[in-house]
Amino acid sequence: MSFHPLMEYDPGRFHHSERKIADEGAPFVFTPERRAKLDEILTEYPPERKRSAVLAALYLVQEQEGYLTANGMRHVAGILDLTPAEVEDVATYYVMFFKEKVGKYVLQVCRTLSCALNGAERVTESLSEKLGIKVGETDPSGMFTLLEFECLGACDRAPVVMVNNEHWHEHATPESCSKLIDDIKAKGEAALSGCHLKVEK
Ligand code: FES
């Protein structure tokens with residue numbers, strides 16, 4: 001049956017969705033430590049409001065899997081009495097959740113005004129050149145992913161590159177970023193200096 005008298009009905013053309021939100025991933029359950037952490041977080045909410053812990057739960061999935069898998073989101077839905085679609089809605093709204101595998105170190109260059117005016121584009125280009133990948137890609141070794149991000153709240157230290165949602169590399173230049181990559185390759189996590197918000201406490 002066609003919905004238009006002059007158009008032929010072609011189910012392959014009109015009823016085929018390419019929509020794919022997340023990889024299925026491996027079967028997922030939280031490790032006992034992460035489950036205990038989530039249970040502790042849940043004590044902060046009234047039982048009928050436990051769905052409010054969805055962001056915290058998704059962070060734990062990402063911490064465990066490296067990104068959000070469909071199985072991980074279903075597991076969260078089961079614990080929080082949500083539908084998988086509700087969890088997926090949250091996960092796809094926030095940019096800090098990865099929907100596919102990323103490298104061990106995720107470099108996110110801020111591209112908002114202060115950083116843009118202070119040379120963020122040159123920083124991104126230099127990182128792209130150094131790693132041999134475009135924005136949005138992971139290098140063949142699986143070590144680095146390069147992304148752009150919006151304001152990281154450190155505009156007075158622009159341009160800023162955030163590493164793994166946790167470490168800030170401030171007043172970034174092509175030269176300092178090249179050194180950052182070399183240092184990470186040589187020393188791993190120890191090369192990351194943390195975040196000024198923590199350092200200044
Ligand atoms: S504009 Fe880059 S940190 Fe605010």
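Where a number appears in this text, it was derived from the coordinates with a stated rule and is not lab data. The shown structure was predicted, so the numbers you read here are calculated from the model rather than taken from an experiment. Here the Cβ is made from the backbone with ideal geometry for all residues, glycine too, and neighbour counts use every protein chain on show.
Which whole-Hz couplings ³J(HN,Hα) result when phi for each residue of the stretch 136-146 is put into the Karplus expression 6.51 cos²θ - 1.76 cosθ + 1.60, θ = phi - 60°, listed in order with x for Gly and Pro?
x, 10, 10, 5, x, 6, x, 8, 10, 10, 10
For Glu100, which sequence-distant residues (separation of 5 or more, or a different chain) have an amide H within less than 5 Å of its own amide H, given hydrogens modelled in the peptide plane?
HN-HN under 5 Å from Glu100: Leu68.
At a Förster radius of 35 Å, what calculated FRET efficiency corresponds to the Cβ-Cβ distance of Glu189 and Asp89, to the nearest 0.05?
Working: r = 33 Å, r/R0 = 0.94.
Working from the Cβ atoms, E equals 0.60.
Is the chain rounded, prolate or oblate when judged by the Cα gyration tensor, a ≥ b ≥ c being the square roots of its eigenvalues, rounded requiring a/c under 1.5 and prolate requiring a/b larger than b/c? Write down the numbers at each step before the final one.
Details: a/c = 2.10, a/b = 1.32, b/c = 1.59.
Since a/c reaches 1.5 but b/c is at least a/b, the shape of the chain is classed as oblate.
In degrees from 0 to 90, rounded to the nearest 10, what is the angle of the helix 84-93 Cα long axis to the longest principal axis of the chain?
Result, in degrees: 30.
Scan around Trp168 for amide H atoms under 5 Å from its own, H built in the peptide plane at 1.01 Å from N, and keep only partners 5 or more places away or cross-chain.
Amide H to amide H, under 5 Å and 5 or more residues apart or across chains, Trp168 pairs with Val163, Gly194, Cys195, His196.
Could you pull out which residues in the stretch 137-158 have an amide N less than 18 Å from a spot 7 Å beyond the Cα of Leu117, following the Cα-Cβ vector?
Only 150-158 fall inside the zone, counting backbone N under 18 Å.
Which far-off residues, 5 or more places away or on another chain, put their amide H under 5 Å from the one on Thr112, with H placed in the peptide plane?
The answer is Cys151.
Tilt of helix 32-42 relative to the longest C-alpha principal axis of the chain, in degrees (0 to 90, nearest 10)?
For helix 32-42, the angle is close to 80 degrees.
Karplus couplings for the stretch 119-125 from phi (6.51 cos²θ - 1.76 cosθ + 1.60, θ = phi - 60°), rounded to Hz, Gly and Pro as x?
x, 4, 5, 5, 4, 4, 4
Specify the inter-centroid distance of the stretch 26-49 and the stretch 94-119, based on alpha-carbon positions, in whole Å.
Using only Cα atoms to place each centre, the spacing works out to 28 Å.
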